[in-house]
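Asks: I have a structure here, written as structure tokens, and I will follow up with some questions on it.
The values are calculated or read from the model by the stated rules, or taken from the named source; none is laboratory data. Predicted, not measured: the structure shown is a model, and the values here were computed from it. For neighbour counting, all protein chains shown are included, and Cβ atoms are generated from backbone atoms with ideal geometry for every residue, glycine included. The protein model used for the area step is the full one, side chains on, heavy atoms only, and it has no ligands, DNA or RNA in it. Shrake-Rupley method; radii C 1.70, N 1.55, O 1.52, S 1.80 Å.
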Amino acid sequence: MAIVDLRGVSCPTNFVKAKLALEMIDVGETVEFLLDDGEPVKNVPRSLKAEGHKLLGLKEEEGYYRLTLEKGEE
């Protein structure tokens, strides 16, 4: 499973980088995104879900969040 570290990346750049990362994997594959608290953890999961991807989990780690997502049909 790929891990994409988006900590320290501001909105909306983190969403753009997440979309670019998803272009590199096949439909049905899973990926983890590391996100900062605040706007990133609110906006990125919501935006990716709206694009048709399946959110598998969102777990708080020490100082950041780990979003697990399955790529859907775009």
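Asks: Looking at region 1-43, which of its residues are aliphatic (A, V, I, L, M), farther than 17 Å from K71 by Cα and part of a helix (DSSP H, G or I)? Don't jump to the end; show me each part of the working.
Replies: Taking region 1-43 and keeping what is aliphatic (A, V, I, L, M), we get 1-4, 6, 9, 16, 18, 20-22, 24-25, 27, 31, 34-35, 41.
This time we only want the ones that are farther than 17 Å from K71 by Cα, so: 6, 9, 35, 41.
Selection gives V41 alone.
Asks: From the list G52, G72, which one is part of a loop (DSSP other than H, G, I, E, B), at pLDDT 95 or above and open to solvent by less than 20 Å² (accessible area, probe 1.4 Å)? So that I can check it myself, show each step before the final result.
Replies: Numbers: G52 fails: open to solvent by less than 20 Å² (accessible area, probe 1.4 Å).
After ruling out the rest, the residue left standing is G72.
Asks: Further question on the same structure: Name the single residue that is most open to solvent (accessible area, probe 1.4 Å) among those in region 1-17 being among the β-branched types (V, I, T) and over 9 Å from the mean Cα position of the chain (by Cα).
Replies: The qualifying residue most open to solvent (accessible area, probe 1.4 Å) is I3.
Asks: Can you name the residue in region 55-69 that is of a type in the set (A, V, I, L, M, F, W, C) and within 10 Å of the chain's Cα centre (by Cα) and, of all such residues, is surrounded by the fewest Cβ atoms within 10 Å (Cβ to Cβ)?
Replies: Let us first name the residues in region 55-69 that are of a type in the set (A, V, I, L, M, F, W, C), namely 55-56, 58, 67, 69.
Right, trim to within 10 Å of the chain's Cα centre (by Cα) and you get 55, 58, 67, 69.
Details: L55: 13, L58: 15, L67: 22, L69: 24.
If we take residues in region 55-69 being of a type in the set (A, V, I, L, M, F, W, C) and within 10 Å of the chain's Cα centre (by Cα), then L55 is surrounded by the fewest Cβ atoms within 10 Å (Cβ to Cβ).
Asks: Restricting attention to region 18-49, report how many residues are open to solvent by 30 Å² or more (accessible area, probe 1.4 Å), of a type in the set (V, I, T) and touching a Lys or Arg at 6+ places or on another chain (Cβ under 7 Å).
Replies: 1
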